[in-house]
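Chemist: The structure is given below, and queries will be raised subsequently.
The values are calculated or read from the model by the stated rules, or taken from the named source; none is laboratory data. Remember, it's a predicted structure, so these values are computed and weren't measured experimentally. A quick note on method: Cβ atoms are made from the backbone with ideal geometry, for glycine too, and the neighbour counts reach across all protein chains shown. With ligands, DNA and RNA removed, areas are computed over all heavy atoms of the protein, side chains included. Shrake-Rupley method; radii C 1.70, N 1.55, O 1.52, S 1.80 Å.
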Amino acid sequence: MMKKLFPIALLLLALAACNNGGGDDEDGENPVLTPGVLPPQNLAFNIVNTFPHDTSDFTEGLQVVDGKMYEGTGENGQSVLKVYDIKTGKVSIEQKIADSLFGEGIQVFKGKLYQLTYQNHLVLVYDLKDLSKPIQTFTWPTEGWGMTNDGTNLIVSDGSPYIYYVNPVDFSIIKKVQVLSNTGPLGNINELEYIDGFIYANVFMTDTIVKINPANGHVVGVMDCRGLLQQYAAKEIAAGFNPTENVMNGIAWDSAAKKMYITGKNWPKLFEVALQ
């Protein structure tokens, strides 16, 4: 089951234009280009390793902290927080959240773990040393999707073409930045990861990760991840796993080891990625 339903035709057309440098549309006419926004570069990458990923995890948030993977999952009645070993998938902590809540993006920041919820307008805050229950809650005015941080502020997405800079003390909005491709505003911005001064974001319902300049919101790069599951999870697909229904979502960055990890909702694999 998908968590969010909306028309995606315009999004897919925009991404197609981005990936071909703003080529002609179906009518043979040039698309309207966003003034001052260059076509994004294609970001080449290699798959270094694949690791097991629990297919019961409807991935919403992913983050590496001290060499361990932290994951937040979604779906009402099934949302959990997990901590596990990257290579083996062995779980050291698994905490279910209230059945009435749909868990979304997570972020460990300054000794706390923040967890968004989808349409509950709640943010749960935990002491990182004890994930058994929240120590604080905040309200959030829109939907909760993805979250990361830049070392000072939390950065939140809500599925719109905006990313929000948020004060971690009270979760108040400091500013919002519109995400712009060369063909216009880019919506469906989902799971986020801050890497070396840029924001990497899953674009919901696609196998695409975009690289965003946070200074102006411009999309400067695109990772085309189509075909990963077909290449690396052929046995699982043959056994019934549907890569079309189980969409890509989840980016984590190990800043110490300089490694990126990506996965998706209920995916059987966690991928270690090296950007070229």
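Chemist: Residues to consider are ASN190, ASN182, ASN120; find the one that is over 30 Å from PRO40 (Cα atoms), buried (at least 18 other Cβ atoms within 10 Å of the Cβ), of a type in the set (S, T, N, Q) and touching a residue at least 12 places away in the same chain (Cβ under 8 Å).
Modeler: Going through ASN190, ASN182, ASN120 in turn, just one is over 30 Å from PRO40 (Cα atoms), buried (at least 18 other Cβ atoms within 10 Å of the Cβ), of a type in the set (S, T, N, Q) and touching a residue at least 12 places away in the same chain (Cβ under 8 Å): ASN120.
Chemist: Still on this structure: Of all residues being open to solvent by 30 Å² or more (accessible area, probe 1.4 Å) and part of a strand (DSSP E or B) in region 193-216, which is nearest to LEU62 (Cα to Cα)? Just the residue, please.
Modeler: Here the answer is TYR194.
Chemist: Show the residue pairs meeting these rules: Cβ distance below 8 Å; 6+ apart or different chains; first residue within region 167-178 and more than 15 Å from GLU143 (Cα to Cα); second residue in a loop (DSSP other than H, G, I, E, B) and open to solvent by 90 Å² or more (accessible area, probe 1.4 Å).
Modeler: Note: pairs meeting the criteria are PRO168/LYS110.
Chemist: Restricting to region 126-147, count the residues that are under 19 Å from the mean Cα position of the chain (by Cα) and under 13 Å from PHE171 (Cα atoms).
Modeler: 4
Chemist: Is it the case, given these coordinates, that GLN95 is modelled with pLDDT of 95 or more and either open to solvent by 20 Å² or more (accessible area, probe 1.4 Å) or outside any strand (DSSP E or B) (or both)?
Modeler: no
Chemist: Residues that are crowded, with 19+ Cβ neighbours inside 10 Å and of a type in the set (A, V, I, L, M): does region 240-250 have at least one?
Modeler: Yes - at least one qualifying residue is present in region 240-250.
Chemist: Could you tell me which residue of region 197-207 is nearest to GLY264 (Cα to Cα), considering only residues that are modelled with pLDDT of 95 or more and not aliphatic (A, V, I, L, M)?
Modeler: My answer is ASN202.
Chemist: Continuing with this model, one more query. Only one of these is crowded, with 17+ Cβ neighbours inside 10 Å, out of contact with any Phe, Trp or Tyr (no Cβ under 9 Å at 6 or more places or on another chain), without any contact (Cβ under 8 Å) to a residue 40 or more places away in the chain and not aliphatic (A, V, I, L, M): PRO161, PRO141. Name it.
Modeler: It is PRO161.
Chemist: Restricting to region 258-276, and then to whatever is open to solvent by 10 Å² or more (accessible area, probe 1.4 Å) and of a type in the set (A, V, I, L, M), can you tell me which residue is modelled with the highest pLDDT?
Modeler: The extreme case among them is ALA274.
Chemist: Could you please find all residues in region 217-245 being in a loop (DSSP other than H, G, I, E, B) and in contact with a Leu (Cβ under 8 Å, 6 or more places away or on another chain)?
Modeler: Hits for region 217-245 are GLY217, PHE241, PRO243.
Chemist: If I filter region 57-86 down to residues being in a loop (DSSP other than H, G, I, E, B) and under 18 Å from the mean Cα position of the chain (by Cα), which single residue comes out as surrounded by the fewest Cβ atoms within 10 Å (Cβ to Cβ)?
Modeler: Selected residue: GLU75.
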